[in-house]
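Report on the following structure.
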2 protein chains.
Amino acid sequence: MRISELASETAVPVATIKYYLREGLLHDGVLTSATQASYDDSHARKLRLIRALVVGAGLSIAEARELLDGVDSPPSSGHDLLGIAHHALAGPVDEGVDTSEIDALLDSWGWSRENCDVAGKAAVAEALAGVRSAGFELPSGMLETYAEAMHEVATAEIAGVPTDSEEAAVRYVVLGTVLVEPLLLALRRLAQQSASFERFGERPLR
Amino acid sequence: MRISELASETAVPVATIKYYLREGLLHDGVLTSATQASYDDSHARKLRLIRALVVGAGLSIAEARELLDGVDSPPSSGHDLLGIAHHALAGPVDEGVDTSEIDALLDSWGWSRENCDVAGKAAVAEALAGVRSAGFELPSGMLETYAEAMHEVATAEIAGVPTDSEEAAVRYVVLGTVLVEPLLLALRRLAQQSASFERFGERPLR
């Protein structure tokens with residue numbers, strides 16, 4: 001199909017498609033003349049994926065490219081798969097971040113501290129520091145509640161990694177990490193509304 | 001203290017402080033001359049809060065202002081508190097979004113569908129659509145796992161809302177909703193790394 005047809009099918013403007021082609025996110029079509037190329041279903045699928053990453057998950061073009069490169073060139077170990085997703089999502093790592101508090105927490109939760117990377121620990125340390133610097137104090141036991149909930153989520157996610165093909169495994173891990181984030185946060189807000197009504201109803205707070 | 005001292009104490013550049021003053025995020029100091037003002041601890045606390053929202057949680061200036069206005073002028077009902085936080089965080093709501101699938105899910109989970117707002121349901125619907133349009137299929141039962149985990153989180157959070165003062169309740173709900181998001185996502189990634197090692201170790205995927 002022509003680029004205008006690809007645009008109609010995916011609801012992505014032609015100018016945007018050309019931008020993704022220039023940036024190397026979308027693979028080239030087959031040239032049919034000096035100025036025209038032909039596209040197929042693989043382009044439509046890839047375009048939907050790019051839009052989900054860039055518009056849905058809010059990734060930058062550079063982050064999306066790193067993720068898509070990971071999907072196209074899988075590493076050899078199941079454990080390494082996560083590295084691709086987490087690396088593309090992590091900001092620059094401040095190597096000087098003190099992760100000793102996080103290590104102690106991981107030990108107390110029974111998580112494998114040796115197999116959690118510095119970027120991941122630094123992200124938790126920074127998120128905790130952000131909460132505290134805002135003068136917000138987590139109620140006693142709340143951090144453990146968060147950790148337990150995320151442990152349940154992650155265990156189910158990792159158990160669901162398909163092992164029948166490497167491509168399927170990479171797609172699942174890389175995309176699942178990114179695409180599910182907005183879903184989790186949106187579910188938390190709905191759950192808060194539901195729980196808030198159960199506790200407070202329409203009664204004034206005091 | 002002078003603005004330069006406020007900058008030193010909070011590690012926020014003077015130009016940034018002046019920007020927050022102009023934008024109305026930070027309250028004015030007391031004028032000590034035609035060109036100088038004096039600031040106190042309330043400015044330092046507020047600045048740390050602004051930084052946590054803008055830098056830590058990634059809010060825009062307009063979103064941060066809406067949240068801070070909510071913290072300064074609390075509503076009268078505990079349930080309404082969430083509205084402030086969620087409204088500031090939600091993008092523009094597409095009233096045409098079909099939330100019937102979400103309503104059916106809420107019923108099946110036993111959540112109070114009447115007390116979840118359209119913006120919250122639309123956010124879940126859009127997040128689900130984003131996952132699907134990327135060609136990513138959630139494994140069977142995974143959506144329920146996510147919902148259960150977020151239900152546990154939200155129930156603990158709402159149970160922890162302090163009721164001794166309205167100001168404390170508002171701070172807790174409004175800031176907790178926003179500031180904890182990066183923490184939850186960072187914990188999920190660490191939990192994935194830990195769970196991934198337990199399942200795959202250093203063995204290649206196949």
Some residue of segment A:154-163 being within 14 Å of the chain's Cα centre (by Cα), buried (at least 21 other Cβ atoms within 10 Å of the Cβ) and of a type in the set (Asp, Glu): yes
Pairs, first without any contact (Cβ under 8 Å) to a residue 60 or more places away in the chain and assigned to a helix (DSSP H, G or I) in segment A:10-28, second loosely packed, with under 13 Cβ neighbours inside 10 Å and not polar (S, T, N, Q), C-beta under 8 Å, six or more apart: A:21/A:28
Boolean, residue A:131 is of a type outside the set (Asp, Glu), more than 7 Å from chain B (Cβ to nearest Cβ) and touching a helix residue (DSSP H, G or I) at 6+ places or on another chain (Cβ under 7 Å): no
Members of segment B:136-150 that are more than 10 Å from residue A:149 (Cα to Cα) and either within 7 Å of chain A (Cβ to nearest Cβ) or assigned to a loop (DSSP other than H, G, I, E, B) (or both): B:136, B:137, B:138, B:139, B:140, B:141, B:142, B:147
Residue list for segment B:156-175, filter: modelled with pLDDT under 85, facing chain A (nearest Cβ under 7 Å) and not in a helix (DSSP H, G or I): B:163
Residues (in a helix (DSSP H, G or I) and of a type in the set (Phe, Trp, Tyr)) located in segment A:32-59: none
Selection from segment A:147-168 of residues that are closer than 25 Å to residue A:106 by Cβ and of a type in the set (Gly, Ala, Ser): A:147, A:149, A:154, A:156, A:159, A:160
Matching residues, segment A:73-131, being surrounded by fewer than 21 Cβ atoms within 10 Å (Cβ to Cβ), under 30 Å from residue B:46 (Cα atoms), at pLDDT 85 or above and among the β-branched types (Val, Ile, Thr): A:99
Failed criterion for residue B:14 (all others in (1) within 17 Å of residue B:72 (Cα to Cα); (2) more than 26 Å from the chain's Cα centre (by Cα) hold): (1)
Among (1) outside any helix (DSSP H, G or I); (2) among the small types (Gly, Ala, Ser); (3) at negative phi, the one test that residue B:196 misses: (1)
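The values are calculated or read from the model by the stated rules, or taken from the named source; none is laboratory data. As the structure is a computational prediction, the values presented were derived from the model and not from experiment. As a convention, Cβ positions derive from the backbone with ideal geometry for all residues, glycine included, and neighbour counts pool all protein chains shown.
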